[in-house]
Amino acid sequence: MVWRPRARTTVWLVTVVAALSFAVGVINIASQELVLLGVYVPESVQRLAGFTGALTGFLMLVSAYGLRKRLRAAWYSTLILLPVTALQGFVQAGVLTLPLVGVPVPTSTPLIALSLVSIPLVAVSRDQYTNSWSLSTAQMAALAALVGAQIYGTVGTYALREHFPAVNTALDAFYFTLVTASTVGYGDITAATQIGQLFSMSVLVLGVASFGAAAGTLLGPALEARFAAALGQVSEAQLNMLDNHIIVMGYGELTEPILEELTTADSSYIVVTPDTDRASSLRSRDVTVLTGDPSDEQPLLDAGIERAAGALAATNNDAEDALAILTARELNPDIRIVAAATDRQNIDKLRRAGADTVISPALIGGHLLVQSALGRAEVESVADRILGTSGSDVEEIAEDESSSDADGESRPDTDGESRSDADGESRSDTDGKSRSDTNGDQ
């Protein structure tokens, strides 16, 4: 999807709010002055807002990263966190003295203002965030193990609190579990009996195992993706997620409009190109790219051609497209392949190579240009409607064109061949052959 300027501004604004939330929270923790709602809000609540404000800042950074990846889940989390940061700004303490005028200003004022400004901007840009985010079975199992280990330790420690003299509340029990499972071990809470020691060892073993499993399964794919991007590759996890997608074989002048149309249609796709510089440029725009020759079998297999819904070949070299089409057809006989012919003479050749549909942009463009130059005003209207309308409107255009046979406009012949009308216009039939009527030139 092409990023709108408003969406980019929203991502940057959310990032600034995240940084401010963290900074204001830290300042609030160290501040000894109470401002804003200090008269009405207890000091302990303002101090607590500082700690939670710093935590909210970290969560906002994660959400901002998700927005950059166009994740719908990040859009929801951001819309929830922004009112929280604004509310925390109202109850937080801390002042900052302006250097020139010497006037004390609450540090949370910019946070409140930017949070309130960001809410409508995020709300109206919902259509920009369409990517889904889901956990694999292994990731859900690791997350469940992590949560289960914390529940086991907290409940068990509180139930055995007579064996832990320093544990008096459920919060103390959770604190002991978290410190033990993370191997920090401050030593302020220790077991006083052998039963308590045995339970502490079980918490240590289960906690460390669950932390390790969660780190490996939850963070591993992200690290793999970063290393793969640095090496100019696509991670295995990204390739496995591709299903019912479109494979764009090669890169040419038509590739950018193709990618824009696929993104607008919310279709998943992958580009396979041997051009490393072009692949790096596309990857910087978050386009899924596989570096390789689309005429070779392995790159197409890696791109998931067995699961693909279709393939597009639209480079500037018809010979390379033909080889890529042959390979794709051999690997998946049922896939739908569409090709763009640079040279009109290669239309039949590309079709024989295995393409289901072959389109010549130059031929179509030339036909429209000539008809427009001859004064056919409706031609420009048809072009505008094709370029700026949806699929249903394009079907309506096709119906309008087919109904104009009596006027001598382009139409298919029943014998499957292409010929020209009296006015010299060209039209194609089902077999793509070409001929001229006795009273017109092709």
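The values are calculated or read from the model by the stated rules, or taken from the named source; none is laboratory data. Just so it is clear, the structure is predicted and the values come from calculations on it, not from any experiment. As a convention, Cβ positions derive from the backbone with ideal geometry for all residues, glycine included, and neighbour counts pool all protein chains shown.
List of remarks:
- Residue among Leu323, Leu300, Leu290 that alone is assigned to a helix (DSSP H, G or I), touching a strand residue (DSSP E or B) at 6+ places or on another chain (Cβ under 9 Å), free of Cβ contacts under 8 Å to residues at least 60 places away in the same chain and of a type outside the set (D, E, K, R): Leu300
Let's see how each residue does on (1) closer than 14 Å to Leu20 by Cα; (2) in contact with a Leu (Cβ under 8 Å, 6 or more places away or on another chain); (3) modelled with pLDDT of 85 or more:
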| site | (1), (2), (3) |
| --- | --- |
| Ala49 | yes, no, no |
| Thr52 | yes, no, no |
| Thr56 | yes, yes, yes |
| Met60 | yes, yes, yes |
| Ser63 | no, yes, yes |
| Lys69 | no, no, no |
| Ala74 | no, yes, yes |
| Thr78 | no, yes, yes |
| Thr85 | yes, yes, yes |
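- Count of residues meeting criterion [surrounded by 18 or more Cβ atoms within 10 Å (Cβ to Cβ) and either closer than 30 Å to Arg8 by Cβ or in contact with a Gly (Cβ under 6 Å, 6 or more places away or on another chain) (or both)] in the range 286-323: 10
Here is a yes/no grid of residues against (1) at pLDDT below 85; (2) assigned to a helix (DSSP H, G or I); (3) of a type in the set (Asp, Glu):
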{"residue": "Ala229", "(1), (2), (3)": "yes, yes, no"}
{"residue": "Gln238", "(1), (2), (3)": "yes, yes, no"}
{"residue": "Gly252", "(1), (2), (3)": "no, no, no"}
{"residue": "Pro257", "(1), (2), (3)": "no, yes, no"}
{"residue": "Thr263", "(1), (2), (3)": "yes, yes, no"}
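- Qualifying residue in the range 143-162 (condition: modelled with pLDDT under 90 and assigned to a helix (DSSP H, G or I)): yes
- Complete set of residues in the range 57-84 that are surrounded by fewer than 23 Cβ atoms within 10 Å (Cβ to Cβ) and of a type in the set (S, T, N, Q): Ser77
Quick grid of which residues meet (1) free of Cβ contacts under 8 Å to residues at least 40 places away in the same chain; (2) part of a helix (DSSP H, G or I):
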{"position": "Pro110", "(1), (2)": "no, yes"}
{"position": "Val167", "(1), (2)": "yes, no"}
{"position": "Phe176", "(1), (2)": "yes, yes"}
{"position": "Ala191", "(1), (2)": "yes, no"}
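- Selection of the range 303-320 for residues being among the charged types (D, E, K, R) and either at positive phi or not in a helix (DSSP H, G or I) (or both) yields Glu306, Arg307.
- Selection from the range 60-84 of residues that are farther than 15 Å from Asp286 by Cβ and without any contact (Cβ under 8 Å) to a residue 40 or more places away in the chain: Val62, Tyr76, Ser77, Ile80, Leu81, Pro83, Val84
- Of all residues in the range 340-360 being part of a strand (DSSP E or B) and free of Cβ contacts under 8 Å to residues at least 60 places away in the same chain, the one that is surrounded by the most Cβ atoms within 10 Å (Cβ to Cβ): Ile359
- Breaking point among (1) part of a helix (DSSP H, G or I); (2) crowded, with 20+ Cβ neighbours inside 10 Å, for Ile337: (1)
- Checking Phe211 against (1) surrounded by 13 or more Cβ atoms within 10 Å (Cβ to Cβ); (2) modelled with pLDDT of 90 or more, the condition it does not meet: (2)
- Filtered residues of the range 237-285 (kept if among the hydroxyl-bearing types (Ser, Thr, Tyr), in contact (Cβ under 8 Å) with a residue 60 or more places away in the chain and either loosely packed, with under 13 Cβ neighbours inside 10 Å or closer than 19 Å to Gln128 by Cα (or both)): Thr263, Thr264
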